[in-house]
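The values are calculated or read from the model by the stated rules, or taken from the named source; none is laboratory data. In this text, all values refer to a predicted model and were calculated from it rather than measured experimentally. Positions of Cβ are generated from backbone atoms using ideal geometry, with glycine treated the same way; all protein chains shown enter the neighbour counts. What goes into the accessible areas is simple: the full protein's heavy atoms, side chains included, and nothing from ligands, DNA or RNA. Shrake-Rupley method; radii C 1.70, N 1.55, O 1.52, S 1.80 Å.
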Amino acid sequence: MSNTAPSTTDAPARTATKRTILMCKPDFYTVSYRINPWMHPEEPTDTSKAVAQWQTLVDVYEQLGFDISYIDPIDGLPDMVYAANGGFVLDGIAYGAKFQYPERQPEGPAYMDWFRQAGLTVAEPEQTNEGEGDFLLIGNTIFAGTGFRSDSTSHDELAAIYGREVVTLKLINPSFYHLDTAIAVLDPEPDASGRSNIAYLESAFDEPSLAILRERFPDAIIATEEDAAILGLNSYSDGYNVVIAARATTFATQLKEKGYNPIGVDLSELLLGGGGVKCCTLDLHPVGTGTSVARGA
């Protein structure tokens with residue numbers, strides 16, 4: 001793991017915050033169907049390699065001091081490793097996922113069962129949504145993606161549950177079918193003005209959405225097509241350390257220039273299923289500094 005401090009002296013000071021997350025070991029990972037452009041079931045996948053790469057990600061998180069809980073994987077649900085899609089957790093409430101494709105639909109109830117056992121209040125979904133894959137807390141606002149997986153009506157449901165501002169962003173590139181493949185949240189905790197910074201891929205959004213992003217995040221990092229194409233934006237930050245795809249080298253340089261510490265990991269096997277660092281990481285957003293959820297086995 002790289003602990004190299006950013007070299008740009010003019011970059012602002014960044015503060016790492018302890019994160020509380022949920023993950024799922026890819027014991028049953030494979031690509032046996034095709035529901036996104038990354039998946040090619042005719043090509044072989046290596047489950048043991050996927051597990052080893054996932055464990056490397058876990059090791060990085062442990063070194064960063066994250067509080068990690070685990071949900072048990074279920075045979076026949078190879079995409080459970082992409083825990084971020086399993087729901088959206090905020091303010092002690094877990095809004096469950098209701099997957100678009102039948103192959104993944106059993107994951108929704110499995111994750112909601114875990115949320116209940118963890119002591120969270122579960123809001124069962126009526127509308128199609130794929131959890132934190134399309135819902136990102138940025139500052140004090142929930143930004144919600146639509147266009148490929150989560151229905152825009154789920155955004156109204158989200159606003160009613162949490163009583164927070166929900167801003168809709170439309171995705172237009174099928175290779176970036178979840179919001180967390182096109183936006184990286186760099187500051188999980190807002191500053192005194194309630195702001196957080198991001199990185200994003202311009203070509204993933206329609207023009208009205210780009211106008212929103214440009215207005216709200218004038219200092220955002222604009223990712224390159226090359227880095228986005230290996231899910232470089234599908235990253236996870238604690239406010240200083242940003243865990244990214246190892247091959248996203250331009251993004252790493254951009255992060256250093258902004259005062260962040262990029263840490264590259266290789267999740268190439270899980271990329272074959274259309275997921276990266278953030279896909280494997282569900283932020284549990286504990287309520288208050290003294291609140292935590294029950295740890296998994």
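Residues of region 233-247 that are of a type outside the set (S, T, N, Q), in contact (Cβ under 8 Å) with a residue 24 or more places away in the chain and either part of a loop (DSSP other than H, G, I, E, B) or more than 20 Å from Tyr82 (Cβ to Cβ) (or both): Leu233, Asp238, Gly239, Tyr240. Looking across region 124-149, the residues that are of a type outside the set (Ser, Thr, Tyr) and open to solvent by 20 Å² or more (accessible area, probe 1.4 Å) come down to Glu124, Pro125, Glu126, Gln127, Leu137, Asn140, Gly147, Phe148.
Here Tyr82, Tyr111 are screened, and the one residue that is closer than 25 Å to Pro26 by Cβ and under 15 Å from the mean Cα position of the chain (by Cα) is Tyr82.
Of the set (1) in contact with an Asp or Glu (Cβ under 9 Å, 6 or more places away or on another chain); (2) free of Cβ contacts under 8 Å to residues at least 24 places away in the same chain, all apply to Asp180 but (2). Restricting attention to region 278-297, the residues that are assigned to a loop (DSSP other than H, G, I, E, B), at pLDDT 85 or above and open to solvent by 10 Å² or more (accessible area, probe 1.4 Å) total 2. Of all residues in region 222-251, those satisfying the criterion of being buried (at least 20 other Cβ atoms within 10 Å of the Cβ) and of a type in the set (A, V, I, L, M) are Ala223, Ala228, Leu231, Leu233, Val242, Val243, Ile244, Ala245, Ala248. Pairing residues of region 190-203 that are farther than 17 Å from Thr15 by Cβ with residues that are open to solvent by 50 Å² or more (accessible area, probe 1.4 Å) and not aliphatic (A, V, I, L, M), at Cβ distances under 8 Å and at least 6 apart in sequence or on separate chains, gives Leu201/Glu225; Ser203/Glu225. The criterion of being under 23 Å from Glu165 (Cβ atoms) and either open to solvent by 30 Å² or more (accessible area, probe 1.4 Å) or part of a loop (DSSP other than H, G, I, E, B) (or both) does not hold for Gly275.
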